[in-house]
1. Give the residues of the stretch 50-72 whose amide nitrogen is closer than 12 Å to a point set 7 Å from the Cα of residue 198 in the direction of its Cβ.
2. Beyond 38 Å, what share of the Cα-Cα pairs of the chain is found? Please give it as a whole percent.
3. Of 114/264; 195/281; 296/333, which ones are farther than 24 Å apart at the Cα?
4. Just need the relative contact order of the stretch 71-189 here, percent rounded to a whole number, with Cα pairs under 8 Å and 6+ apart.
5. Can you tell me which of 159-170, 24-35 comes out highest on packing, and rank the rest after it, using the mean Cβ neighbours within 10 Å?
6. Take every DSSP beta bridge with both residues inside the chain and express the antiparallel ones as a percent of the total, to the nearest 5.
7. Quick one: divide the alpha-carbon radius of gyration of the stretch 101-214 by 2.2 N^0.38 Å and tell me what you get.
8. Going through the stretch 1-85, which trypsin sites (Lys or Arg not before Pro) have at most 15 other Cβ atoms within 10 Å and a DSSP loop state?
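Bear in mind that the values in this text are calculations on the coordinates, not laboratory data. Treat the numbers as computed from the prediction; the structure is a model and nothing was measured. So basically every Cβ, Gly included, is an ideal-geometry build from the backbone, and we count neighbours across all protein chains shown.
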Amino acid sequence: MRYIGGKSLILGKIFDVISDNSVIADSVLDIFSGSGVVAEAFKQEGYQIITNDLLYFSYSISRGTVCLNDVPKFEYLNIADPIAYLNRLDIKNPDFNLDDCFIYQNYSPNKNCKRMYIQNKNAIKIDIIRKTIEQWKNEQKINDDEYFYLLASLINAVPYVSNIAGVYGAYLKHWDKRTYNDLTLEKPQIIKSSKINFGYNMDANDLAGKIYTDLTYIDPPYNSRQYLPNYHILETIARYDNPEIKGVTGLRDYQEQKSLYCQKSKVANTFSELLNKLDSKYVIVSYNNEGLLTTKELTEIVKDSGIKSTFKLYEFDYRRYKSKIPNCDDGLKEQLYFIRKK
């Protein structure tokens with residue numbers, strides 16, 4: 001999944017920082033887990049993983065992938081291959097009422113909607129699959145692990161048929177060729193581990209201090225761009241709560257999910273609170289030199305956050321999201337702050 005600020009390209013740098021500082025750790029908290037790519041990388045290296053994200057769709061992805069150590073068995077469903085079964089669901093099945101298909105009614109062109117996020121056939125398929133997963137859960141035919149495994153598969157499949165440039169803040173005015181493909185769920189890849197992993201769906205500052213991990217990785221929003229408006233359809237698919245929506249894009253209300261890290265007047269105090277509350281021996285912070293906090297400001301926050309020893313700042317060139325042109329004379333620099341708290 002293409003994700004704003006995704007860290008797949010700097011995974012090697014993160015592990016270089018760990019090696020450079022001779023970090024000895026068993027457990028890792030990825031407190032802004034997003035797409036889960038960093039948590040997956042840490043799990044692959046043998047760490048116990050705790051993920052967290054305020055957005056429910058992000059939580060659902062990690063809960064149904066990183067937090068599992070084996071592919072669920074679906075013992076009570078009596079369907080040999082649930083993913084294949086969901087892919088074969090017939091969108092013309094009369095048992096499914098299109099009036100109750102929220103994604104089709106609100107994000108695909110029909111007599112009541114002009115939005116062009118998803119082609120009709122795929123929008124209906126999303127609704128039918130989502131309703132089926134929820135029905136299985138309500139009938140207790142699947143447990144929580146199985147539920148989130150299937151939900152993660154659906155969420156990860158949607159971007160491949162979505163009529164967007166990268167995020168859901170707007171839809172394209174003409175159908176992209178990918179939208180003509182059939183929505184197809186894939187089996188999530190599960191990394192085997194003997195360690196018990198956990199997932200949380202909380203505000204990062206509320207979770208901080210409530211659990212101990214050897215290492216915490218922090219990858220907060222860098223600018224004023226709120227994440228939920230850019231992924232609102234995925235959030236609605238994950239929750240499937242038929243929210244009230246508004247505007248050209250059909251945006252759901254996100255007041256309770258606004259991040260203080262995206263607000264210039266509040267980000268400094270919020271960051272300081274997080275670092276002070278964290279119960280970890282080591283902390284690695286991802287940021288860049290064009291964020292709401294300047295390098296000097298974030299450095300001072302780190303220094304004033306009760307850290308017992310000095311920290312190290314690593315900088316390297318990085319291509320920005322959706323643009324090759326930097327805003328500052330030095331160019332865009334991705335930053336990794338390594339902190340030893342204890």
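1. Those under the cut-off are 50-52.
2. Values: 11108 of 58311 pairs.
The answer is 19 percent, as a whole percent.
3. Working: 114/264 35 Å; 195/281 20 Å; 296/333 14 Å.
Flagged as over cut-off: 114/264.
4. Details: 146 pairs, mean separation 33.2, N = 119.
Relative CO of the stretch 71-189 lands at 28 percent.
5. Descending packing order for the listed peptides: 24-35, 159-170.
6. Values: 18 of 34 bridges.
Taking every DSSP beta bridge with both residues in the chain, the antiparallel ones total about 55 percent.
7. Numbers: Rg = 17.6 Å, N = 114, 2.2 N^0.38 = 13.3 Å.
With N residues counted in the stretch 101-214, Rg over 2.2 N^0.38 Å equals 1.32.
8. Taking the stretch 1-85 and a limit of 15 other Cβ atoms within 10 Å, the loop trypsin sites (Lys or Arg not before Pro) found are 2, 73.
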